[in-house]
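Here is the structure we will look at, set down as structure tokens.
Any read-out appearing in this document is the output of simple, stated calculations on the displayed coordinates, not a laboratory observation. Quantities reported herein were computed from a predicted structural model and do not represent experimental measurements. Counting neighbours? That spans all protein chains shown, and the Cβs are built from the backbone with ideal geometry, glycine included.
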Amino acid sequence: MTSQSIESALPFSQSCENNKGPILEKIKKILAKNKHVLEIASGTGQHAAFFSKELPHLAWQPTEIPPQIKSLNLRLTASQSMNLLPAIELDVDQEEWGVLETEAIFTANSLHIISKESVKNFILKAGGMLKKDGQLIVYGPFKYNQRFTSSSNADFDNMLREKSSDSAIRDFEWVCELCASENLFLETDFAMPANNRLLFFKKV
Ligand SMILES: C[S@@+](CC[C@H](N)C(=O)[O-])C[C@H]1O[C@@H](n2cnc3c(N)ncnc32)[C@H](O)[C@@H]1O
């Protein structure tokens, strides 16, 4: 098999390809002194493969819900990145996450997919797991003052709601409130390309 045909057999998301560079620019500063990152909802594994190669000082721990683990592992195995850990099964709603500790938690494009209850569970567990100065990094689209930041995000929200009654673009203020109740406070809200944001919270 050629490397091109292997690549074409791997799970792929064009948006990951587009956003991985801009996300790296932000997280390489935030995670400069870290040793370990737990990624929630790793999807195709493109972020895990790319960030682990670009940030070799980090052990990158990808996770996914059980039905997605097999396809995620295809890309992780192909990436041959030494600091990329094997994916573990993790549903944010499960009682125990099965990860003992981490210094940082990263998730991209997941809060608008999972239900509101799951967003609450995610933040509750993230807050419980992170120690003082631990970082939570959340990438994706958000509403501000109940308004979309662009008409394309409003269209995207309609599309999400049509696909699943659980999914919708979340309110920035609601996410910040949930985080604050877990002692996770917003350090920076970065504007990102394509009307996305990168929210960086720190545990106090
Ligand atoms: C839009 S994809 C984002 C994937 C990847 N992070 C990215 O940026 O391309 C949303 C992901 O959330 C995962 N997911 C759905 N429900 C979940 C849950 N309850 N717990 C953890 N992950 C979940 C899906 O399997 C899917 O891979």
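A few points about this structure:
- With eigenvalues of the C-alpha gyration tensor scaled by 5 and rooted, region 6-71, Å: 21, 15, 10
- The calculated 222 nm mean residue ellipticity attributable to helices in the chain amounts to -12500 deg cm²/dmol, summing -39500 (n - 2.57) over DSSP H runs of n ≥ 4 and dividing by all residues.
- Per-residue Cβ neighbour counts within 10 Å put Ile113, Ile6 in the sequence Ile6, Ile113, beginning with the fewest.
- The chain: relative contact order as a whole-number percent, Cα under 8 Å and 6+ apart: 18
- Panel order for Met159, Met129, by other beta carbons found within 10 Å of each beta carbon, from fewest to most: Met159, Met129.
- Shape call, region 160-204: gyration tensor on alpha carbons, a/c limit 1.5: oblate
- Averaging 1/r over every pair of different alpha carbons in the chain and inverting the result gives a Kirkwood radius of 17.3 Å.
- Positive minus negative residues near Ile23 (Lys, Arg vs Asp, Glu; Cβ under 15 Å): +1
- Expressed to the nearest 5 percent, the antiparallel share of DSSP beta bridges inside the chain is 50 percent.
- Cα-projected label distance for Glu54 with Lys131, points at 7 Å along beta-carbon direction, nm: 2.8
- Cross-link table Lys28/Lys120; Lys20/Lys131; Lys33/Lys53; Lys53/Lys125, entries beyond 20 Å C-alpha to C-alpha: Lys28/Lys120; Lys20/Lys131; Lys53/Lys125
- Each label point was placed 7 Å from the Cα along the Cα-to-Cβ direction; for Thr2 and Asp171 their separation is 5.3 nm.
- GluC sites (Glu not before Pro) within region 25-113, DSSP loop, no more than 13 other Cβ atoms inside 10 Å: Glu95, Glu96, Glu101
- Inter-centroid distance (Cα atoms) of region 122-197 relative to region 36-101, Å: 21
- Total charge dipole magnitude, region 31-148, about the Cα centre, Cβ charges on Lys, Arg, Asp, Glu only, Debye to nearest 20: 420
- Separation in nanometres of the label points that stand 7 Å from Cα toward Cβ, at Ser13 and Val99: 1.5
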